Amino acid sequence: MNMLYKFGDHGAEVENLQKRLTSSGHPVPVTGYFDHGTEAAVMAVQKAKGLVVDGIAGPKTFIALRGVTLPHHLTDADLVNAAELLGVQVAAVRAVNEVESVGQGMLPDGRPKILFERHVFWKRLEAHGIDPAPIAAHKPALVSQERGGYQGGAAEYMRLAGAMLICEAAAYEACSWGAFQIMGYHWKDLGYESLAEFVAAMEESEAEQLGAFVRFIAQDAALLAALKARKWSTFAKLYNGPDYARNLYDAKLAQAYTKYSQAEKAAA
């Protein structure tokens, strides 16, 4: 079942959300349509529980509706602090969090989300003095010059485990980590004392994952400048690569920024 609902959605799942909101003390008409009233109620729950206030009902919001808040979840205060550290508008950080992050930084079992990149593993093996070609001939799902082989979710840890048998450091470095998909091989440039320290931080919480994102932006002058100026096409290209337009990242970022900046003005 889909667990991500926002303004404009409709159906039985939205109706169930509205019933949960009403029973939790945030009454809304049970229409099955995610309208502005439903969005406001979701935001009220998020604010009350210290979650990121975006009006999007995802897994964290549903957990909060059960009266539970997990300590490793990203909070709204984390986003405000990140904006202060980078010297950018909070609305800009909120937009990036909504569009560029994968939302949940943790799996249901508490481990950080990862995506094992077999083409990056090829390069990291070379960096560690290991010839990837003969390994790729027998394990193309783990080692390749082409992207792919993704399993998603917890299954990515199975791929990581297989890669660790070849070279543990290269395997960790070949994963993107957490909500903001920071590649492991950046650990040294981001100021972590070791790869192990970076991985431990990613395992700690979504706030630590956001911290890695802040470091990633701060160490790249062009990326930081693009975020400060809200030049979304430039930011998306630098963050996602040349294919950013295919997924409309820049347009989505601009739209999200407009939403959050208008909400900030309305609240002022």
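A short reminder: the numbers here are calculations on the coordinates, not readings from a lab. Predicted model, so just to flag it, every value in this text is computed and none were measured. Cβ coordinates were reconstructed from backbone atoms using ideal geometry, including for glycine residues, and neighbour counts include every protein chain displayed.
Tabulated data
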read-out	value
Sites matching GluC sites (Glu not before Pro) across region 167-209 that sit in DSSP coil, with at most 14 neighbouring C-beta atoms within 10 Å	Glu193
Expected 222 nm ellipticity per residue - DSSP helices of 4 or more, -39500 (n - 2.57), all of the chain, to 500	-16000 deg cm²/dmol
Whole-Å distance, taken between Cα centres, linking region 65-142 and region 1-59	26 Å
Region 205-268-region 143-172 distance, computed between alpha-carbon centres (Å)	28 Å
Around Lys6: net Lys/Arg minus Asp/Glu count, Cβ-Cβ under 9 Å	-3
Cα-based radius of gyration of region 169-221 once divided by 2.2 N^0.38 Å, which approximates compact folds	0.98
Region 41-104: relative contact order in percent, alpha carbon pairs under 8 Å with at least 6 residues between	27 percent
Segment Ala266-His128, length gained on full extension (0.36 nm per residue, minus Cα span)	44.4 nm
Size-normalised alpha-carbon gyration radius of the chain, reference 2.2 N^0.38 Å	1.08
Restricting region 31-82 to trypsin sites (Lys or Arg not before Pro) in coil, as DSSP defines it, with at most 15 other Cβ within 10 Å	Arg66
Sorted by Cβ density within 10 Å, fewest first, the residues Val42, Val199, Val96	Val199, Val96, Val42
For Trp177, distant residues with modelled amide H under 5 Å away	Ile182, Met183, Gly184
Residue with peak Gaussian network fluctuation, the chain [Cα springs, cutoff 10 Å], from Gly148, Gly191, Gly25	Gly25
Relative contact order, percent, the chain [alpha-carbon distance under 8 Å, six or more residues apart]	17 percent
Restraint check, Lys113/Lys252; Lys19/Lys113; Lys231/Lys259; Lys123/Lys188; Lys60/Lys252; Lys113/Lys231, Cα-Cα greater than 25 Å	Lys19/Lys113; Lys113/Lys231
Length added when fully stretched, Asp109-Tyr33, from 0.36 nm per residue minus Cα-Cα	24.2 nm
Point-to-point label distance, Asn16-Asn247, nm (Cα→Cβ direction, 7 Å offset)	2.7 nm
Fluctuation leader among Leu165, Leu17, Leu253 - the chain, Gaussian network, Cα springs under 10 angstrom	Leu165
In region 134-185, chymotrypsin sites (Phe, Trp or Tyr not before Pro) in a DSSP loop with at most 16 other beta-carbon atoms within 10 Å	Tyr150
Whole-angstrom Cα spans of region 1-69 along principal axes, big to small	27, 22, 18
Region 1-69: relative contact order in percent, alpha carbon pairs under 8 Å with at least 6 residues between	33 percent
